[in-house]
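Undergrad: One structure coming up, written as C-alpha cells, with questions to follow.
What follows is calculated from the coordinates using simple rules that are stated; it is not laboratory data. These numbers come from a predicted model, not from an experiment. Here the Cβ is made from the backbone with ideal geometry for all residues, glycine too, and neighbour counts use every protein chain on show.
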Amino acid sequence: MGPDPVASGARARFGAIVAPGLILAAPFLAFTSHNQYPLTSPALWLACLGMVVPGLLLGALGSLGHRRGTAVAIGLSVALAADLHLRLSTPGEKLQVALVCFGLVVAAAAALGERFVPIISAFFGFLVLTTPLAPGGRPLMLETAAADAPAPRSDLPPVVHVILDEQGGVAGIPPELGEAARLRTALREDYVADDFKVYTRAYSRYYDSYNSIPNVLNLSSPAKEFAHLRDTGDEELRILDDNAYFQAMSAKGYRIRVYQSSYMDFSLAPATPVDYALTYEIHSIGILADLPASPLQKAALVLNSYTQSSWAVDRLRDGYAKLRPFAAKVGIALPAVPRIPGGVGVPAAATLKRLTADLARGDNRGTLYFAHITLPHYTYLLDENCKPWPALVDWMDRRAHKGVQENNTAERLARYDKYVSQSLCTRALVGELVDVLKASPDWKDAVVLIHGDHGSRITRHAPTGRNLTKLTPQDHRDSFATFLAIKSPHVPAGVSEVPVAIQDALSLVLDGEEPEPAPAEVYIRMGKGRLDRVPFRGFE
Ligand SMILES: [Zn+2]
C-alpha cells in the first residue's frame, strides 16, 4: 500500500507553512543567545513570535502557489534572515547576499523536489532547538587585567576622569526649555558646590566622538578625520592607537584603570600601559532583561535591536511612516512606530555605578580612573531617577529625520525635554561618585575631571558642508557646546566663562594649568574625510 496522498499533501502543506517560521526564528534565537538574553524570559518568546508569525504568513501565502510558491516563500525568508542577521555595511552588499541566498534556495528546491521542504524544515528546526542551548555569547561586561601591575604610589593623588558622551555645555542649554533652569543648576551650581570649576563656555572642536575623544587624549586638533585611530574596518569598533595622555600619566607613576564601551577601545594601543580595563557592550540586549519594563516593551526592544541593521525592515518602516498621513486623511489613526537605536545608556549607567563601587573600596591613590560613559547619549530612555520611560514612544533618538533638517522646532524641544531627564539621571550618578570621593581622606588633593565630547547634537541642521549656509548659532551650540568641570587642588572652584576647547583641557590634569587661550573654532565636515575649520558661532 503506498502513502495516503491526502495525508502527504496535508503534511507538505503544513511543512510549507512552518518552514519560513523556523527559518526566521533560528537566527533570531542565535542573536538573543549570543547576547545572553535569558531563555526563561517571556519577552524573548514574545519577540520570537514577532519573527515566527510573519514567517508563517509568508509560508501560508507561498503554499497557495504549490511547490513553486513554497520555494519562493522559503527563498524570501532565507534572504530576509540573512538581511536581518548579517551586519553588512552597504545596501548593495545586502542586496547581493539576499539575491545569492534566494537563488541558492530556489535552485535547491528545484533539485530536491518534494524532499526540499522536509530537509530545510529539519535543518532550521534543529537550529531552533539547539542554538539557544549553545554555550558562549558575549558578556555584558568584559574585564581584563595586566598580570604585572605596579604597586600604586601613595604620594600621587587619585585622578578620576569621566567623559560623558553627548553631555552638552551649560551655555548650550536652550533657554526656551521648561526644565532649562533645573539642568543649569545641576550642571553649574551643584558642581561648584562640590568644589568644581565649571567652564560654562566649553566646546568641542569636533562633532563626532571618534574625532573628539582621540584628540582630547592627544591634546591635538588636526583638520582630519579618524586621527589617532586604527583602521578596523568596523564602524562600531574604534581602537585608539595613540594616547599621549595615558603615556604622560604613566610616566608620572600612575597606574591606569579604564572603563570603556565596546564602541571605542583605549586599552589596546601598542605603547599604552593600561593595568585594568572593563568593557561594556553598548548594543547588548542582555542588559535589557533586567529593566523594570513590561514583557511586551522588552520584546519590542529586543526586536528593535535585532532589526537594527536590516535593509528590508528599514524600507518597511519608511513605507509605513509615509502611509500614516494618508490613513489619517481618511480617518484612520495609525500609531507611530518609534525608531529606537538601542539602549546604550543602560549598560553605561551600570558601568558608572561600577566605577563608583570600585572607588568606594578605597586605595585609590596613584591611580588614574578613566571612563567613557555613553550618557546622556541618545537613546533618551531614562527619567531623572534613571528609570526607563514606560511608553516606548518616549524613547527618543536625537533626530526626527535623517537629511538636511534633522528636527523642526517642536521636534527639537521634544527631544531636549527627554534629554534633560537623562542628563539629570547622569548628573545623579556622577553625584554618587563624587560623594564617595568626598567621604574619603583623598578628596583634599584628588583630581576629578568630568566633560562631554560634543554637544547634545539635537540640532535643527547638522553641521555639514551641505548645511553650511543654514547653520545658526543655535545649531553651533547644539553641535559643539559641551560640558567641562574640574576639581583639582590647583584650580579654585567657581565658574569660568572663558571659552575652552576640550581638546586643550587636559593641561588642567597634566600640568595643573589653564589651557592656552585660542580662537574659538570648530570643524565642519565638508565631504568624506575633509574637515574645514570655521569660527565657532555658538556664543554670538
Ligand atoms: Zn560622542
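Undergrad: For the chain, give me every cysteine whose Cβ has no other Cys Cβ within less than 4.7 Å, ordered by residue number.
TA: So, CYS48, CYS101.
Undergrad: So for the pair ILE239, ALA321, with labels modelled 7 Å out along Cα→Cβ, what separation do we get in nm?
TA: With each label placed 7 Å out from Cα toward Cβ, I get 3.5 nm.
Undergrad: Next question. Work out the FRET efficiency for GLU225 and ASN385 from their Cβ-Cβ distance, taking R0 = 41 Å, and round it to the nearest 0.05.
TA: For GLU225 and ASN385, the calculated efficiency is 0.60.
Undergrad: Roughly how tilted is helix 66-85, in degrees to the nearest 10 and between 0 and 90, from the longest Cα axis of the chain?
TA: For 66-85 against the chain, the angle is about 10 degrees.
Undergrad: Let me ask something else. With a cap of 13 neighbouring Cβ atoms within 10 Å, and only residues DSSP puts in a loop, list the GluC sites (Glu not before Pro) found in the stretch 136-209.
TA: GLU176
Undergrad: Around ARG205, which amide H atoms from residues at least 5 apart in sequence, or from another chain, sit under 5 Å from its own amide H, with H modelled in the peptide plane?
TA: Placed amide hydrogens put ILE502, GLN503 under 5 Å from ARG205.
Undergrad: Specify the angular offset, from 0 to 90 degrees and rounded to the nearest 10, of the alpha carbon long axis of helix 5-34 from the longest principal axis of the alpha carbons in the chain.
TA: That works out to roughly 10 degrees.
Undergrad: So who's got an amide H within less than 5 Å of the one on VAL522, skipping anything under 5 residues away but keeping other chains? H placed 1.01 Å off N, in plane.
TA: Here the answer is VAL534, PHE536, since their amide H atoms fall under 5 Å of that of VAL522.
Undergrad: Compute the distance in nm between two label points, each set 7 Å from the Cα along the Cα-to-Cβ direction, one at HIS66 and one at ASP155.
TA: Taking the simple label geometry, HIS66 and ASP155 are separated by 9.1 nm.
Undergrad: Which loop-located trypsin sites (Lys or Arg not before Pro) does the stretch 347-376 contain, where loop means any DSSP state but H, G, I, E or B and the Cβ has at most 13 other Cβ atoms within 10 Å?
TA: ARG361
Undergrad: Sort out for me the Cα centre separation of the stretch 281-323 from the stretch 391-453, rounded to whole Å.
TA: Between the Cα centres of the stretch 281-323 and the stretch 391-453 lies a distance of 23 Å.
Undergrad: Continuing with the same structure: Compute the Rg to Rh ratio over the chain from the alpha carbon atoms, using the Kirkwood formula for Rh, and round to two decimal places.
TA: We get a ratio of 1.03 for the chain.
Undergrad: Under 19 Å Cα-Cα from LYS470, which aspartates and glutamates qualify once same-chain neighbours fewer than 8 residues away are excluded?
TA: Within the straight-line limit of under 19 Å, LYS470 reaches these aspartates and glutamates: GLU406, GLU411, ASP478, GLU521, ASP532, GLU540.
Undergrad: Something else now. Take every Cα-Cα pair in the stretch 1-62 and report what % of them are more than 18 Å apart.
TA: Percent of Cα pairs beyond 18 Å in the stretch 1-62: 47.
Undergrad: Aspartates and glutamates near LYS418 by alpha-carbon distance under 12 Å, same-chain residues fewer than 8 away left out - which ones?
TA: Of all the aspartates and glutamates, those that pass the test against LYS418 - Cα under 12 Å, at least 8 places apart if same chain - are GLU179, ASP383, GLU384, ASP394, ASP397.
Undergrad: Which of the lysines could a cross-linker span from LYS444 if the Cα-Cα distance has to be under 22 Å and same-chain partners fewer than 8 positions apart are dropped?
TA: In chain and number order, the partners are LYS197, LYS252, LYS487.
Undergrad: Still on this structure: Could you go through the stretch 524-540 in sequence order and give the Karplus-derived ³J(HN,Hα) for each residue, using 6.51 cos²θ - 1.76 cosθ + 1.60 with θ = phi - 60°, rounded to whole Hz, and x for Gly and Pro?
TA: 10, 7, 8, x, 4, x, 10, 10, 10, 7, 10, x, 7, 9, x, 9, 5
Undergrad: Apply 1/(1 + (r/R0)^6) to the Cβ-Cβ distance of GLU143 and ALA7, taking R0 = 60 Å, and write down the FRET efficiency to the nearest 0.05.
TA: 0.55
Undergrad: Let me ask something additional. I want to make sure I understand the PRE zone here: with the label point 7 angstrom from the Cα of ASP511 toward its beta carbon, which residues in the stretch 473-500 have backbone N atoms less than 19 Å away?
TA: 486-492, 498-500
Undergrad: Can you give the % of DSSP beta bridges in the chain that are antiparallel, to the nearest 5?
TA: Given both bridge residues lie in the chain, the antiparallel proportion sits at roughly 45 percent.
Undergrad: Would you give the gap between the C-alpha center of the stretch 29-45 and the C-alpha center of the stretch 52-109, rounded to a whole Å?
TA: 24
Undergrad: Compute the long axis of helix 311-329 from its Cα atoms, compare it with the longest principal axis of the Cα atoms of the chain, and write down the angle in degrees, 0 to 90, nearest 10.
TA: Result, in degrees: 90.
Undergrad: Just how many % of Cα pairs in the stretch 369-470 lie over 24 Å apart, if you round to the nearest whole percent?
TA: 38
Undergrad: Using 7 Å Cα-to-Cβ label points, what is the HIS490/THR472 separation (nm, one decimal)?
TA: Taking the simple label geometry, HIS490 and THR472 are separated by 4.1 nm.
Undergrad: On to the next question. What residues qualify as long-range amide H neighbours of TYR276, i.e. H under 5 Å apart, gap of 5 or more or another chain, H built at 1.01 Å from N?
TA: ALA146, ILE256, VAL258
Undergrad: What ³J(HN,Hα) values, in whole Hz, does the Karplus curve 6.51 cos²θ - 1.76 cosθ + 1.60 give for the stretch 55-62 when θ = phi - 60°, with x put for Gly and Pro?
TA: With coefficients 6.51, -1.76 and 1.60, one gets x, 5, 4, 4, x, 5, 4, x Hz.
Undergrad: Working from the alpha-carbon coordinates of the stretch 200-260, get Rg over Rh, Rh being the Kirkwood radius.
TA: 1.00
Undergrad: Name the residues of the stretch 435-473 whose amide N is less than 17 Å from a point 7 angstrom out from the Cα of ARG361 along the C-beta direction?
TA: It comes to 436-437, nothing else.
Undergrad: Once the Cβ-Cβ distance between PHE123 and HIS85 is put in as r, and R0 is 22 Å, what FRET efficiency do you end up with, to the nearest 0.05?
TA: Once rounded, the FRET efficiency stands at 0.90.
Undergrad: Another question about this same structure. Using Cα-Cα distances under 8 Å and only pairs 6 or more residues apart, what relative contact order does the stretch 314-410 have, in percent?
TA: 27
Undergrad: Hey, what do the phi angles of the stretch 123-128 turn into as Karplus ³J(HN,Hα) couplings, whole Hz, using 6.51/-1.76/1.60 and θ = phi - 60°, x for Gly and Pro?
TA: For the stretch 123-128, the Karplus curve yields 4, 6, x, 4, 4, 4 Hz.
Undergrad: In whole Å, how far is the Cα centre of the stretch 225-256 from that of the stretch 493-538?
TA: What the calculation gives is 19 Å, centre to centre.
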